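Data first, discussion second: the structure below is written as C-alpha cells.
The values are calculated or read from the model by the stated rules, or taken from the named source; none is laboratory data. Not measured: the values here are computed from a predicted model. Glycine gets a Cβ as well: all are built from the backbone with ideal geometry, and neighbour counts include every protein chain shown. Surface accessibility is based on the protein's heavy atoms, side chains included, excluding ligands, DNA and RNA. Shrake-Rupley method; radii C 1.70, N 1.55, O 1.52, S 1.80 Å.
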Amino acid sequence: MATNDQNKIPKELLVPLVRKEDTSEKISGPSRTFMQDARRAFFKNKLAVISVFLVVIIILMSIFGPQMNEYGTDDQDLTRAKMPPHVPVLEKISWLGLDGTLSGKYRGNDVEAATANAIARYDNKEEFIDIKVVDEGDGSRNSAVVDATYHIYDAKDMSDQYFWLGTDTLGRDQWTRLWEGTRVSLIIAFVAAVIGLVVGVAYGGIAGFYGGKVDNVMMRIIEILVGIPNLVVVLLMMLVLQPGITSIVVALSITGWTGMARIVRGEVLKLKNQEFVLAARTLGQSNGKVIMKHLLPNISGIIIINTMFTIPDAIFFEAFLSFIGLGIVPPDASLGSLINAGFDNLRLYPYLLVYPAVLISLIMIAFNLIGDGLRDAFDPKMHK
Amino acid sequence: MFRYILQRLFYMLITLFIIATVTFFMMKMLPGSPLSAEDKLSEEQKAIVLEKYGLNDPVPVQYLRYMGGLVKGDLGVSFAFDNTPVTKILMDRMGPSLQLGFQSLLIGSFIGIILGLIAAVFRNGAIDYTSTIIAVLGSSIPNFVFAGILQYVFAVRLEWFPVALWGGFEYSILPTIALMIFPMATAARFIRTEMVDVLNSNFILTARAKGISEVGVVFKHGLRNGLIPLITVIGPMAVSMMTGSMVIEQIFAIPGIGEQFVTSVTLNDYPTIMGTTLLFAFLFVVIILIIDLLYGLIDPRIRVSGGNS
C-alpha cells in the first residue's frame with residue numbers, strides 16, 4: 001500500500017544534519033549606496049546611455065569639427081555661394097544628396113519653357129544640367145514639369161573641392177559654421193546652467209537653511225521675480241545689452257535660477273530637521289560644514305536632474321533669440337542663426353536648414369532623454 | 001475666496017506696474033534714438049520731431065506721462081507707422097495670434113490627452129511606446145524646426161497648403177500644427193503619468209468592483225481625476241504659445257502680435273516694443289492668476305492656505 005510505503009522510509013535516506021552557520025540573516029546581494037544604485041539604474045537605461053554617447057560625440061565635434069577642413073568660419077567668397085553638399089566617396093551614392101548637385105522641379109507651358117526656366121535658374125550653364133521630363137503638359141499654363149539636376153561643382157570647375165555640407169549665401173563653409181554654431185550654443189547652455197545652478201543652490205540653500213525672517217524675505221523676492229514672465233525679461237535684456245554670447249548668458253541667468261532656488265529650498269526645509277543633521281550639529285559641525293557635507297549630498301540628485309533639464313531649455317532659448325534676430329550677430333554663428341538663415345533659402349537650398357535643424361533636434365532630444373534617465377535613476381521607487 | 005481673489009489681483013497689479021516701469025527705463029537706456037537712422041532729416045527737423053513726441057522732456061516727466069496713458073489704456077504712438085497708436089496696431093494684429101493660440105492649445109491638448117489616456121490604459125504596449133516617443137520628440141524638437149519641416153513638405157513640395165501669409169482657415173492649418181506639438185506632447189506625457197497613478201488607486205478598484213464598464217471607469221472615474229493636475233502645465237504651455245507665436249508667425253508671415261514684435265525690434269520702434277512686451281506680460285500674469293484661481297476652485301485644499309503656503 002502507498003501509505004505503508006511512506007511510513008517505511010529506507011534507512012539510507014536518513015542522514016544526520018550537519019551543523020552549519022545560520023545563514024537566514026545573511027544579506028544576499030552586496031550592499032550598495034544610493035549613488036551606486038542610481039548609477040546602475042542609469043546605465044541600464046539604453047536610451048539615456050545612447051544619448052550620453054551622442055552628446056559626447058557632438059561636444060567633441062563642436063571642438064574639433066571646425067578644424068577638420070581648411071575653411072574658416074568667416075571665409076566669404078561669393079563665387080562659391082550656395083554650393084550644395086559635396087562629400088568624397090559618399091557622392092557616389094545618389095540618394096544621400098551629398099553628390100554636389102542642385103535639383104528641383106520646374107514648370108512651364110510646355111517642356112521647352114520649363115527647361116528654359118530651369119536653365120535660367122541654374123546660371124544658364126546648359127551643358128551641366130540634366131533635364132528629365134516628368135510631365136509633357138498640354139500647353140496650358142505651367143502644365144509641363146521637368147526635373148532638373150545641376151552639377152554645380154562641375155559648372156564652376158570646382159569638382160575637386162568638397163564642401164561637406166555645402167556653403168551658405170555668402171560662400172562660407174556650412175560644415176565649419178555648423179560646428180562653430182554648435183559650440184556657441186553649447187557654451188551658452190552650459191554656462192547658463194552652471195550660473196543657474198550656483199545662484200539657485202546658494203539662494204535656495206540659504207533661504208531654506210536659515211528659515212524664519214531670512215526665508216520670508218527671500219521667498220517674497222522670488223515670488224515677484226517669478227511673476228514676471230522670463231520671456232519678457234530675456235527679451236528686454238537682449239534689447240538693452242549688446243547682442244552676443246555674454247548678453248545671452250546674462251539674460252538667461254537672470255531668470256534661470258529661480259526654479260532651482262525654490263526646489264533646493266524645499267528640499268533643505270525637508271532635510272534640515274532630520275536626525276542626521278541634528279547628529280552632525282551635536283558633534284559640533286559648523287553651519288557651513290552641515291550644508292556642504294550633509295545637506296548638499298542629499299539633494300544632489302534633484303540638483304543634477306534640474307540642471308540637466310535647464311540645458312535643453314537654454315539651447316532652445318538661445319536658438320529662439322537668434323532666430324528672431326536678438327541673439328548671436330553675424331559673422332558668428334549659432335544653431336538658431338543658422339536655422340534662421342536656412343529658412344530664408346528653404347525653397348531652393350533646403351540643405352541649409354536641414355543640417356542645423358537636425359543637429360539642434362538631436363541635442364535637445366539627447367539632453368531630455370539624459371534628464372529623464374537621471375530622474376528615473378535618482379528615484380528610489382525605480383530601483384530594483 | 002473673494003478676499004483671496006482681491007489679494008491676487010492686487011499682487012497682479014504690482015507685478016504689472018513693476019514690469020511697465022522696468023520696461024520703460026530699459027527702453028530709455030537703449031543706445032540710439034528712433035531718429036538715428038533718418039539721415040535725410042536736418043538737425044532742426046529732428047528737434048521738431050523730438051519735441052512733438054515729447055522726447056526732449058526729462059525722463060521722469062516722460063515716465064509719468066507714459067504711466068498716465070497706460071492707466072487710460074493708451075500705449076503711445078508707434079514711431080514706425082505714421083502716427084498709428086500702438087493700441088490700434090496691437091488690436092489689429094490680435095486676431096490671427098489669438099486664433100492660432102487657441103486652436104493649437106485646444107487641439108494640441110485634446111490630442112495629447114487622448115494619446116496619454118490610451119498610453120496609460122494600454123500600459124507598456126506598442127501604443128504606449130509610440131505615444132511616449134511622440135511625446136519625447138514633441139517636447140524636445142523646437143517648434144521652428146517642425147514649422148520648417150511642415151512648410152517644406154506640405155507647402156513647398158506637396159503644395160497641399162499655402163506656404164505663408166494669412167487668408168482663410170487653410171492658412172492657419174500648418175502654423176497650428178507646428179504650434180500644437182508642444183502642448184500635445186506635454187499633455188500626453190503628463191496625462192499618462194497621472195492616469196497610471198489614478199488607475200492604480202483604490203477608488204478605481206471600487207468602481208470596477210461595483211461593475212461599472214471599463215469605459216465608464218476610465219472616463220468618469222479616471223480621467224476626471226487625472227485632468228486636474230493638467231492645469232499646472234497650462235502656464236508653460238501658454239509661454240510656449242507666446243514664444244511660438246513670435247517664431248511661427250515670422251516663418252509663415254502671419255500678421256500677428258509676435259511677428260509685429262520681431263519687426264519692431266528690427267525697426268527700433270520702442271513704443272510698439274513696449275506695448276507688445278506689456279501685452280505679453282499682461283497675458284502671462286492673467287493666465288497665471290486664472291490657473292491659481294481654477295486650482296483653488298477645483299482643489300479645496302489649496303484654497304484654505306490662501307496662497308501663503
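Tell me, what is the 1.4 Å probe accessible area of B:F25, in Å² to the nearest 10?
Per-residue accessible area (B:F25): approximately 80 Å².
Find out how many positive minus negative residues lie around A:G336, taking Lys and Arg as positive, Asp and Glu as negative, among other residues whose Cβ is under 15 Å from that of A:G336. Intermediate results must be reported in sequence, preceding the final value.
Working: positive: A:R177, A:R183; negative: A:D168, A:E180, A:D313, A:E318, A:D332, A:D344.
Counting the neighbours of A:G336, the net charge comes to -4.
Positive end of the dipole of segment B:89-271, charges at C-beta (+1 Lys, Arg; -1 Asp, Glu), about the Cα centre: which of B:S201, B:V153, B:L100 has its Cα farthest in that direction?
Sorting the options by dipole projection puts first B:S201.
Chain B: longest stretch without exposed trypsin sites (Lys or Arg not before Pro) (DSSP loop, at most 16 other Cβ within 10 Å), sites themselves excluded?
B:211-309
Once you have a ≥ b ≥ c as the square roots of the Cα gyration tensor eigenvalues for chain B, tell me rounded if a/c is under 1.5, and otherwise prolate or oblate according to whether a/b is larger than b/c.
Verdict is oblate for chain B.
Only protein chains counted, 1.4 angstrom probe. Which residues of segment B:221-265 are at least 20 Å² less accessible in the assembly than when their chain is isolated?
B:V239, B:T243, B:M246, B:V247, B:Q250, B:I251, B:F261, B:V262, B:V265
How large is ³J(HN,Hα), in whole Hz, for each residue of segment A:357-368 in order, when computed from phi with the Karplus curve 6.51 cos²θ - 1.76 cosθ + 1.60 and θ = phi - 60°, using x for Gly and Pro?
5, 5, 5, 5, 5, 4, 4, 4, 4, 4, 5, 5
Using only protein heavy atoms and a 1.4 angstrom probe, determine the accessible area buried between A and B, summed over both sides, in Å² to the nearest 100.
3300
In segment A:314-347, what residues drop by 50 Å² or more in accessible surface going from the chain by itself to the full protein assembly, probe 1.4 Å?
Residues passing the criterion (a loss of at least 50 Å², heavy atoms only) are A:F316, A:F320, A:F323, A:I324, A:F343, A:L346, A:R347.
Can you give the relative contact order of chain B as a percent, counting alpha carbon pairs under 8 Å and 6+ residues apart? It would help to have the intermediate numbers written out before the result.
Numbers: 323 pairs, mean separation 76.3, N = 309.
Over chain B, the number comes to 25 percent.
With a ≥ b ≥ c the root eigenvalues of the C-alpha gyration tensor of the protein assembly as shown, is it rounded (a/c under 1.5), prolate (a/b larger than b/c) or oblate?
Cα axes put the protein assembly as shown in the oblate bin.
Give the angle, between 0 and 90 degrees and rounded to the nearest 10, that separates the Cα long axis of helix B:169-199 from the longest principal axis of the Cα atoms of chain B.
40
Give the angle, between 0 and 90 degrees and rounded to the nearest 10, that separates the Cα long axis of helix B:234-251 from the longest principal axis of the Cα atoms of chain B.
Between the helix axis and the principal axis of chain B, the angle is about 50 degrees.
What residue among A:S140, A:I57, B:F10 has its Cα farthest toward the positive end of the dipole of the protein assembly as shown, where the charges are +1 on Lys, Arg and -1 on Asp, Glu, each on the Cβ?
Checking the options against the dipole of the protein assembly as shown, the answer is B:F10.
In segment B:89-271, what percent of the accessible surface is made up of carbon and sulfur (1.4 Å probe, ligands and nucleic acids excluded)? Numbers along the way, then the final one.
Values: 5480 of 7920 Å².
Ligands and nucleic acids excluded, carbon and sulfur reach 69 percent.
Taking a ≥ b ≥ c as the square roots of the eigenvalues of the Cα gyration tensor of segment A:174-378, is the shape rounded (a/c under 1.5), prolate (a/b larger than b/c) or oblate? Mind showing how you got there, number by number?
Values: a/c = 3.25, a/b = 2.11, b/c = 1.54.
It is prolate, given that a/c is not under 1.5 and a/b is the larger ratio.
Only four residue types carry charge here, +1 at the Cβ of Lys and Arg and -1 at the Cβ of Asp and Glu. Report the dipole size of the protein assembly as shown about the Cα centre in Debye, rounded to the nearest 20.
3920
Using alpha carbon centroids, what distance separates segment B:123-194 and segment B:243-302, in Å?
21
What's the magnitude of the charge dipole for segment B:111-229 around its Cα centre, counting Lys and Arg as +1 and Asp and Glu as -1 at the beta-carbon? Answer in Debye, nearest 20.
That gives segment B:111-229 a dipole magnitude of about 380 debye.
Normalised by the residues of segment B:194-260, what does the relative contact order come to in percent, with Cα pairs under 8 Å and at least six apart?
Here the relative contact order equals 23 percent.
Taking the Cβ of A:P312 as the centre, find all other residues whose Cβ is under 13 Å away and add up their charges (Lys, Arg: +1; Asp, Glu: -1).
Numbers: positive: none; negative: A:D313, A:E318, A:D372.
For residues surrounding A:P312, the net value is -3.
With Cβ to Cβ distances under 13 Å as the rule, what net charge do the other residues near A:V217 carry (K, R +1; D, E -1)?
The answer is +1.
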